[in-house]
Amino acid sequence: MPTIALLVVLLLVLVGVLSVGALVYLAYRHPATQDPLLVGLAGVAALAAIITPIVTR
């Protein structure tokens, strides 16, 4: 895989980690919405669904 593709994947992972952290924090601050762990797992699943096709090219 070219270096630029690796950098793009690294950037997507970093943005994804920040997004998942924001989702967990939001769920933690408003516990009536959802369980924070489930929200975090949903964010990780969405991140994996986005990054997997990019990496496998």
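Between L38 and V17, the simple spin-label model (points 7 angstrom out along Cα→Cβ) gives 2.7 nm. Helix content alone sets the calculated 222 nm mean residue ellipticity of the chain: runs of n ≥ 4 DSSP H residues at -39500 (n - 2.57) each, divided across all residues, give -29000 deg cm²/dmol.
For L26 and A49, the FRET efficiency from 1/(1 + (r/R0)^6), where r spans their Cβ atoms and R0 equals 30 Å, is about 0.90.
Each reported figure results from applying straightforward, stated rules to the coordinates on display, with no laboratory input. Remember, it's a predicted structure, so these values are computed and weren't measured experimentally. Every residue, glycine among them, receives a Cβ derived from its backbone with ideal geometry; neighbour counts consider all protein chains shown.
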